[in-house]
Amino acid sequence: MEINIAWYTDDLRPQVIKLFAAEYGLDPGSFAQLFEKFYFHPFQKDKCLLVVALDGTTVAGFQSFFYWPYTFGGKTYNSFQSGNSLVHPGYRGKGIFNKLLAFVDQENKTAGIDLLMGFPVEASLKNFLKDKWNNILNLHWHVKPLNPLAFSSFKGGKQFIPGCEYFNAANPEQNVFRLSQNKEFTDWRKEYLAGTYYSFRYKNAEHEIIFHLKPNKRKKILNELVIGNILFSSEKARVYLYAAFKSLAAGARKSFGAHFLSLALNDSCSINFKAVLKQAGFRRGKKSIYFIAKAFKNTEPVLKPANWLLFRSDIDTW
């Protein structure tokens, strides 16, 4: 068996769809629509890097790096997230995943890339580290109990706006890596994320804070409301984060659709929310999410954990 690593071509799409549908028990038609919206939207299609492993003409694996712009110090980085990594069960244990990762370097496609980043699962972390990625930090979960009687499904309400809302302004956080609020990027994300997502806006006379939220089911019975992102209208708006958390919790509690709020956060970030989280009744859990990166330019700021403001919605599977 000789495995050939190559760039994806669209004649391979049916096999790639079938590979993911079989692995995750997905409806092939629904995943095909998501595949199209995600990789072939005008915003993404000429930027993303799609790689396949081929046994002859048979797709044995798939790996993608899609454009995922971060801002830092007033600059938007040419950054890409690793995602949708999958090797067919019949081809595992043969080093194919590492060959998929190495292909972009070998093809000299990193010349215009500032960094690659991702959030790998435990099983794939060692493969990334072998390919000289750095495990810079882990996101840690924080949990706040809400309503023990919340056995109804979360359906929002007057205070919860369907979809993910954004500010029509540049990120106020200039001294940390923060996912871009570029209009084209956010419009693309809102399109492929269309579904059960909500935004909660906290306002006072001068400032505004937006929470992005996603209902989730834990252990088949517990209703979780995940805070995927926190956006600030200005740097000074962070002063009102405790009041915003308090308002969000009150609204979620009244919905009778959330047993608890959860938030995944980089506790090492220079913009530190830990004191506010404690004041707002959040408890730090034991579970965490790996964050890794492979920098090709300006490596020093990338490798510092304090420079990253990350949330659950930074991950493509949000």
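The values are calculated or read from the model by the stated rules, or taken from the named source; none is laboratory data. For clarity, every value in this text was computed on a predicted model and none was experimentally measured. FYI the Cβ positions are ideal-geometry reconstructions off the backbone, even for glycines, and counts take in every protein chain you see. Areas reflect the complete protein model, heavy atoms only, side chains present, ligands, DNA and RNA absent. Shrake-Rupley method; radii C 1.70, N 1.55, O 1.52, S 1.80 Å.
Consider all pairwise Cα distances in region 202-289 and report the whole-number % of them above 23 Å. Don't skip to the end; give the middle numbers.
On the way: 874 of 3828 pairs.
Beyond 23 Å sits 23 percent of the P(r) for region 202-289.
With an 8 Å cut-off on Cα pairs and a minimum separation of 6 or more residues, tell me the relative contact order of region 94-219 in percent. Please report the intermediate quantities before stating the final value.
On the way: 79 pairs, mean separation 23.9, N = 126.
Relative contact order, region 94-219: 19 percent.
Taking the alpha-carbon centroid of each part, what is the distance from region 1-68 to region 175-196 in angstrom?
22
For the chain, what does -39500 (n - 2.57) per DSSP helix run (n ≥ 4), summed and divided by total residues, give at 222 nm, in deg cm²/dmol to the nearest 500? Please list the in-between numbers first.
Working: 8 runs with 78 residues, N = 318.
It lands at -7000 deg cm²/dmol.
Shape verdict for region 137-192, please, from the Cα gyration tensor: rounded (a/c under 1.5), prolate (a/b greater than b/c) or oblate.
Working: a/c = 2.56, a/b = 1.47, b/c = 1.75.
In terms of gyration-tensor shape, oblate.
Compute the FRET efficiency between Ser30 and Val239 as 1/(1 + (r/R0)^6), taking r as their Cβ-Cβ distance and R0 = 30 Å, and round to the nearest 0.05.
On the way: r = 43 Å, r/R0 = 1.44.
Efficiency, rounded to the nearest 0.05: 0.10.
Mind checking which of Ile17, Leu50, Ala60 is farthest towards the positive end of region 15-80's charge dipole, using Cβ charges of +1 (Lys, Arg) and -1 (Asp, Glu) about the Cα centre?
Leu50
Where nothing but the Cβ of Lys and Arg (+1) and of Asp and Glu (-1) is charged, how large is the charge dipole of region 1-70 around its Cα centre, in debye to the nearest 20? Don't jump to the answer; show the numbers that get you there.
Details: 5 positive and 8 negative charges, 49 e Å.
It comes to approximately 240 debye.
What's the long-distance tail for region 1-70, i.e. % of Cα pairs beyond 13 Å?
On the way: 1600 of 2415 pairs.
Summing the P(r) tail past 13 Å for region 1-70 gives 66 percent.
With each label point set 7 Å from Cα along the Cα-Cβ vector, what nm distance links Lys126 and Ala194?
With each label point 7 Å from Cα toward Cβ, the separation is 4.3 nm.
Restricting to DSSP loop positions (anything but H, G, I, E, B) with no more than 15 other Cβ atoms inside 10 Å of their own Cβ, which chymotrypsin sites (Phe, Trp or Tyr not before Pro) remain in region 64-143?
Numbers: sites: Phe65, Phe66, Tyr67, Tyr70, Phe72, Tyr77, Phe80, Tyr91, Phe97, Phe103, Phe128, Trp133, Trp141; in loops: Tyr77, Trp133.
Listed in order of number, the matching sites amount to none.
Given a 1.4 Å probe and heavy atoms of the protein chains only, how would you sort Val143, Val239, largest accessible area at the top?
Details: Val143 50, Val239 120 Å².
Putting Val143, Val239 in descending order of accessible area: Val239, Val143.
When only C-alpha pairs under 8 Å and at least 6 residues apart count, what is the relative contact order of region 157-268, in percent? Mind dumping the intermediate values first?
On the way: 161 pairs, mean separation 26.9, N = 112.
Over region 157-268, the number comes to 24 percent.
Quick one: Debye curve from the C-alpha atoms of region 1-145, no solvent, what's log10 I(q)/I(0) at q = 0.13, 0.14 Å⁻¹?
Ignoring solvent entirely, the Cα scatterers give -0.64, -0.74.
Taking Cα atoms of region 99-161, Rg/Rh with Kirkwood Rh, to two decimals? It would help to have the intermediate numbers written out before the result.
On the way: Rg = 20.2 Å, Rh = 16.3 Å.
My calculation puts Rg/Rh at 1.24.
Expressed as an acute angle from 0 to 90° and rounded to the nearest 10, what is the orientation of the C-alpha long axis of helix 183-192 relative to the principal long axis of the chain?
80
Accessible surface of His41 in the full protein assembly, 1.4 angstrom probe, to the nearest 10 Å²?
40
Between Lys254 and Thr299, what is the FRET efficiency for a Förster distance of 41 Å, r being their Cβ-Cβ separation, to the nearest 0.05?
Working: r = 48 Å, r/R0 = 1.16.
Working from the Cβ atoms, E equals 0.30.
Provide the net charge surrounding Val121, with neighbours chosen by a C-beta distance below 15 Å and charges set as Lys +1, Arg +1, Asp -1, Glu -1. List each step's numbers first, then the result.
On the way: positive: Arg92, Lys126, Lys287, Arg312; negative: Glu23, Glu122, Asp316.
Summing Lys/Arg as +1 and Asp/Glu as -1 gives +1.
Remind me, what semi-axes does region 152-228 give for its equivalent ellipsoid, largest first in whole Å, using sqrt of 5 times each Cα gyration tensor eigenvalue? Kindly include the intermediate steps, with their values, before the conclusion.
Values: eigenvalues 122, 49, 32 Å².
Computed over region 152-228, the values are 25, 16, 13 Å.
With the alpha-carbon atoms as the only input, what is the per residue convex hull volume for region 170-318 in Å³?
Numbers: hull volume 20.6 nm³, N = 149.
It is 138 Å³ per residue.
In debye to the nearest 20, how big a dipole does region 72-222 give about its Cα centre with +1 on each Lys and Arg Cβ and -1 on each Asp and Glu Cβ? Working shown, then result.
Working: 22 positive and 12 negative charges, 164 e Å.
The dipole magnitude comes to about 780 debye.
Just need the relative contact order of the chain here, percent rounded to a whole number, with Cα pairs under 8 Å and 6+ apart. Intermediate results must be reported in sequence, preceding the final value.
Values: 600 pairs, mean separation 66.9, N = 318.
Relative CO of the chain lands at 21 percent.
In whole angstrom, and with the biggest value first, how far do the Cα coordinates of the chain range along each principal axis?
62, 43, 36
In terms of the Cα gyration tensor, with a ≥ b ≥ c the square roots of its eigenvalues, is region 60-150 rounded because a/c is under 1.5, prolate because a/b exceeds b/c, or oblate?
Numbers: a/c = 2.40, a/b = 1.26, b/c = 1.90.
Oblate, since a/c reaches 1.5 and b/c is not below a/b.
Along each of its three principal axes, how wide is the spread of alpha-carbon positions in region 84-203, in whole angstrom units, largest first?
Principal-axis extents of the Cα atoms in region 84-203, largest first: 52, 37, 27 Å.
Work out the length of the dipole vector of the chain about its Cα centre, built from +1 on the beta-carbon of each Lys and Arg and -1 on the beta-carbon of each Asp and Glu, and round it to the nearest 20 debye. Present the calculation step by step, with values, prior to reporting the outcome.
On the way: 42 positive and 26 negative charges, 321 e Å.
For the chain, the charge dipole is close to 1540 debye.
Rank Pro301, Asn266, Ile221 by how far each Cα sits towards the positive end of the charge dipole of region 221-310 (+1 on Lys, Arg Cβ; -1 on Asp, Glu Cβ) and give me just the farthest.
The one lying farthest along the dipole's positive direction is Ile221.
Sort region 23-104 into rounded, prolate or oblate with this rule: let a ≥ b ≥ c be the square roots of the eigenvalues of the Cα gyration tensor; rounded if a/c is under 1.5, and if a/c is not under 1.5, prolate when a/b is larger than b/c, oblate otherwise.
Since a/c reaches 1.5 but b/c is at least a/b, the shape of region 23-104 is classed as oblate.
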